[in-house]
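Engineer: Sharing a structure here in structure tokens format.
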Amino acid sequence: MVLTLRAVSNPMQEAFVQILVEHNLVSPGDRVLVAVSGGADSVALLHLLHRLAPTFPLTLCVAHLDHALRPESADDLLFVQRLCERFALPFVSSRESVAEMAEQRGVGLEEAGRDARRSFLTQTAARHDCRWIALGHHRGDQAETVVHRLLRGSALSGLAGMRLKNGPFIRPLLSFSRQQLLDYLDRQGLPHVQDKSNDDFAYTRNRIRHQVLPVLQSLNPAVEEHLAHLARRIESEEDYWAGEERRVLETLARRRADGLWLDCKTLAEVHPALRLRVIRRALGEVRGSLAGLGRLHLEAVASLLGGLRPQREVHLPGAWVGRRYRQLWLRRFPPVIGEPYSLPIPGPGSYPLPGGAELTVSLVETGAGEDRWSVEFDASLLRFPLTVRTFANGDRFHPAGAAGGKKLKDFLIDSKIPREERRSLPLVVGETILWVAGVRRCHGLRPDSGGAAVVRMVLKMADCPTIGL
């Protein structure tokens with residue numbers, strides 16, 4: 001890369017190369033898709049990459065999306081196409097009615113346009129085997145982003161603004177002002193198009209650009225630079241916090257097929273600044289995205305850690321979180337309580353249960369001992385047929401080790417069994433409840449040491465249960 005820098009004589013181009021090298025935005029031999037709207041910033045980006053591509057080397061492809069919002073948008077497409085012909089670069093274009101998309105989805109034009117561009121660019125990059133997608137955002141765009149997010153009540157992480165590299169997207173112009181780009185185009189004799197929608201105050205960003213930032217600049221002419229510098233500092237600190245979030249989440253999380261489980265006590269002891277970040281990361285893992293989540297959502301989840309009620313829940317956009325005694329349960333959707341069932345056990349054998357579990361009942365000469373998932377009874381004291389069923393109102397149970405019986409519901413609450421489990425726990429029943437499977441056997445009926453035959457029951461769960469967390 002040293003040879004590359006020496007080969008560049010234009011100061012703007014030299015600064016551009018410096019950014020590419022220092023931040024490792026591209027590597028020799030990469031294929032780069034350049035998003036070009038026809039505006040000054042994207043044209044400057046394309047020209048800079050085109051001039052430097054042979055030296056790195058890079059292979060470029062240009063993409064343009066017509067949002068179908070202005071009558072002259074077809075002219076913009078034609079301008080970019082001719083520019084690519086001038087530079088002898090491959091060109092890909094598409095047209096998407098952003099207005100129709102916004103109406104169908106019930107979102108604003110800005111959000112719909114952003115989603116349409118992202119989808120078009122990522123799909124085009126994949127088709128053309130491009131490793132990177134270069135965007136023309138400059139320092140002014142970064143300042144607008146910071147102010148915009150401040151106005152929307154963003155958390156600190158949002159004030160990191162746009163990153164130089166984020167997934168497949170790179171933004172090599174973030175350190176340059178719009179005026180620097182305009183001066184560069186003027187020196188190179190390069191035309192660009194003017195998007196009239198940039199002056200439409202119906203768009204929040206345009207109001208920030210034309211109304212808010214000029215006021216701030218009247219107080220401090222360098223406010224744009226300061227805002228961009230603030231974003232870079234926060235980005236650096238966010239990278240540090242991300243490592244802490246991952247470390248803490250690994251210490252208190254259990255990932256299972258039924259969701260993500262977090263230890264409440266450990267999470268409550270984490271510093272509040274880090275606690276909300278860990279919750280956000282956990283939700284992002286469960287949802288696959290953080291879109292639509294804000295500070296109030298995170299605080300609602302954190303509020304579950306306190307209070308006297310051991311079982312509470314909150315419904316969030318795209319997620320459900322419930323406190324179940326000592327654990328916080330995070331899922332994409334609320335848990336579904338299984339349908340009640342009652343199945344006969346006429347004698348020894350294997351009995352599939354709803355939900356994928358299996359109960360095995362066998363008659364053996366010698367017991368092998370009990371654990372959470374297996375129990376043994378004196379065969380002479382048991383009478384078939386038995387039943388395996390779910391909870392029923394009015395059930396009573398005399399658990400092993402207790403002085404007497406009690407309502408099964410009270411026993412399950414005392415055992416801190418989540419409410420979703422209470423209605424789906426397999427109960428093996430004879431004249432009384434013999435076994436709350438996975439939780440406790442009944443009092444008495446144990447095999448004696450005289451060599452009598454033993455009825456052994458083993459429950460095999462389909463997946464790791466939530467019982468007894």
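Engineer: Need pairs with beta-carbon distance below 6 Å; first residue farther than 15 Å from residue 263 by Cα and within the stretch 326-346, second among the hydroxyl-bearing types (Ser, Thr, Tyr) and part of a loop (DSSP other than H, G, I, E, B); sequence gap 6+ or separate chains.
Structural biologist: Between residues of the stretch 326-346 that are farther than 15 Å from residue 263 by Cα and residues that are among the hydroxyl-bearing types (Ser, Thr, Tyr) and part of a loop (DSSP other than H, G, I, E, B), the close pairs are 338/424; 340/390; 341/390.
Engineer: Out of 283, 293, 262, 267, which single residue is crowded, with 19+ Cβ neighbours inside 10 Å, modelled with pLDDT of 95 or more and in contact with a Gly (Cβ under 9 Å, 6 or more places away or on another chain)? Lay out the reasoning, then the answer.
Structural biologist: Numbers: 293 fails: modelled with pLDDT of 95 or more; 262 fails: in contact with a Gly (Cβ under 9 Å, 6 or more places away or on another chain); 267 fails: in contact with a Gly (Cβ under 9 Å, 6 or more places away or on another chain).
Result of the check over 283, 293, 262, 267: 283.
Engineer: Next up: Please determine, by comparing only the residues of the stretch 210-242 that are free of Cβ contacts under 8 Å to residues at least 60 places away in the same chain and of a type in the set (Gly, Ala, Ser), which one is farthest from residue 281 (Cα to Cα).
Structural biologist: The qualifying residue farthest from residue 281 (Cα to Cα) is 218.
Engineer: With respect to residue 290, is the statement that it is among the hydrophobic types (A, V, I, L, M, F, W, C), out of contact with any Cys (no Cβ under 6 Å at 6 or more places or on another chain), free of Cβ contacts under 8 Å to residues at least 12 places away in the same chain and under 21 Å from residue 153 (Cβ atoms) true?
Structural biologist: Numbers: among the hydrophobic types (A, V, I, L, M, F, W, C): yes; out of contact with any Cys (no Cβ under 6 Å at 6 or more places or on another chain): yes; free of Cβ contacts under 8 Å to residues at least 12 places away in the same chain: yes; under 21 Å from residue 153 (Cβ atoms): yes.
The answer is yes for residue 290.
Engineer: When the stretch 166-198 is examined, which residues are found to be within 35 Å of the chain's Cα centre (by Cα), surrounded by fewer than 14 Cβ atoms within 10 Å (Cβ to Cβ) and outside any loop (DSSP other than H, G, I, E, B)?
Structural biologist: Hits for the stretch 166-198 are 166, 198.
Engineer: Report, by residue number, each residue of the stretch 22-62 that is touching a helix residue (DSSP H, G or I) at 6+ places or on another chain (Cβ under 9 Å), in a strand (DSSP E or B) and surrounded by fewer than 19 Cβ atoms within 10 Å (Cβ to Cβ).
Structural biologist: Once the filter is applied, which keeps residues that are touching a helix residue (DSSP H, G or I) at 6+ places or on another chain (Cβ under 9 Å), in a strand (DSSP E or B) and surrounded by fewer than 19 Cβ atoms within 10 Å (Cβ to Cβ), the stretch 22-62 yields only 31.
Engineer: Sticking with this structure for a sec: The conditions are (1) of a type outside the set (Ser, Thr, Tyr); (2) part of a strand (DSSP E or B); (3) in contact with a Pro (Cβ under 8 Å, 6 or more places away or on another chain); (4) more than 30 Å from residue 149 (Cβ to Cβ), and residue 315 fails exactly one of them. Which is it?
Structural biologist: All conditions pass for residue 315, except number (4).
Engineer: Out of the helices (runs of 4 or more DSSP H) lying entirely within the stretch 242-303, which hold 3 or more residues that are closer than 20 Å to residue 316 by Cα and of a type in the set (Lys, Arg)?
Structural biologist: Numbers: elements: 264-269, 272-287, 295-303.
In the stretch 242-303, 272-287 are the helices (runs of 4 or more DSSP H) which contain 3 or more residues that are closer than 20 Å to residue 316 by Cα and of a type in the set (Lys, Arg).
Engineer: Just the residues that are of a type outside the set (D, E, K, R) and either touching a residue at least 60 places away in the same chain (Cβ under 8 Å) or on the phi < 0 side of the Ramachandran plot (or both), please, taken from the stretch 186-204.
Structural biologist: Selection gives 188, 190, 191, 192, 193, 194, 197, 198, 201, 202, 203, 204.
Engineer: Among the listed residues 99, 74, 112, 68, which satisfies the condition of being at pLDDT below 95, in a helix (DSSP H, G or I), in contact with an Asp or Glu (Cβ under 8 Å, 6 or more places away or on another chain) and aliphatic (A, V, I, L, M)? Don't jump to the end; show me each part of the working.
Structural biologist: Numbers: 99 fails: in contact with an Asp or Glu (Cβ under 8 Å, 6 or more places away or on another chain); 112 fails: in contact with an Asp or Glu (Cβ under 8 Å, 6 or more places away or on another chain); 68 fails: in a helix (DSSP H, G or I).
Exactly one residue qualifies, and that residue is 74.
The values are calculated or read from the model by the stated rules, or taken from the named source; none is laboratory data. Just so it is clear, the model here is predicted, and its values are computed rather than measured. Virtual Cβ from ideal backbone geometry, glycine too; neighbours counted across all protein chains shown.
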